[in-house]
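The values are calculated or read from the model by the stated rules, or taken from the named source; none is laboratory data. Fair warning: this is a prediction, and the values are worked out from it, not measured in the lab. Cβ sites come from the backbone with ideal geometry, for glycine too, and all protein chains shown count toward neighbours.
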């Protein structure tokens, strides 16, 4: 289900999720925002469904967010970007009042179905896959040693590698768009300058891996090409679900890939947080 832009794009946007200044998706609107209020409140309850914040307007509590004002010449583009990012199955457009100002807001569809009540404001950076998940990956990597034909260690590394990719896929979904297949969204990483720089910083070898499902397909680890490196690391992920390689080779390759990709992703995540910060000229007092 496609989400269209709201009927009145002259109204400001009340952001309480990924588009709130400082959150992971704000970079998409950053150059289109003329001003952003301080923390403001709208009527309704914050609920979480499938890891996403949704507004339940039927509840009498208040939800924390910020009003984003768009210059008239950028308003349509801004709302098109918001609509392209958010899934129509999760959200619909509504209108709310924030400090006496009418604003467009994304309202959850059937908000109480499959959701849980949440207290306080939502932040993309607190996602467990970005915090505890990466800590678990780090712990498994630090605890790994030589293979010594211990398949338990191999399986732990493989689980950690799949967990790391769950974190990466969560990142590209929240940053770029929540629709579409995972492979399409992952490709965005290759275009990030922080990702390319981190590859140059952490990759000191060349290697190639073939698809376990399609042996003629080859993927090369080449630090001069972020796109090739991304394909290499993703293919290792895919091969874990298609067994058939030698255990020793699997262990060594997964361990080295994990040791490289974890700091590479952490660097991309840190750069995205910097990218999410609003410009000083955009910030204003709530209700100003």
Quick check on my filter: what residues within the stretch 41-56 are assigned to a strand (DSSP E or B) and either touching a residue at least 60 places away in the same chain (Cβ under 8 Å) or out of contact with any strand residue (DSSP E or B) (no Cβ under 7 Å at 6 or more places or on another chain) (or both)?
42, 45, 46, 47, 48, 49, 52, 53, 54
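Does residue 237 satisfy being within 27 Å of residue 146 (Cα to Cα), surrounded by 15 or more Cβ atoms within 10 Å (Cβ to Cβ) and either over 19 Å from the mean Cα position of the chain (by Cα) or modelled with pLDDT of 85 or more (or both)?
When the stated conditions are applied, residue 237 passes them.
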What residue, of 213, 194, is at negative phi and at pLDDT 95 or above?
194
Residue 82 vs (1) within 19 Å of the chain's Cα centre (by Cα); (2) crowded, with 20+ Cβ neighbours inside 10 Å; (3) within 22 Å of residue 128 (Cα to Cα): all pass except (3)
So, residue 206, is that one without any contact (Cβ under 8 Å) to a residue 24 or more places away in the chain, assigned by TED's automatic domain parsing to the domain that holds residue 131 and touching a strand residue (DSSP E or B) at 6+ places or on another chain (Cβ under 7 Å) or not?
yes
Residues that are over 24 Å from the mean Cα position of the chain (by Cα), more than 25 Å from residue 280 (Cα to Cα), touching a residue at least 24 places away in the same chain (Cβ under 8 Å) and assigned to a strand (DSSP E or B): does the stretch 26-40 have at least one?
no
Flag for residue 123 being under 18 Å from residue 173 (Cα atoms) and surrounded by fewer than 16 Cβ atoms within 10 Å (Cβ to Cβ):
yes
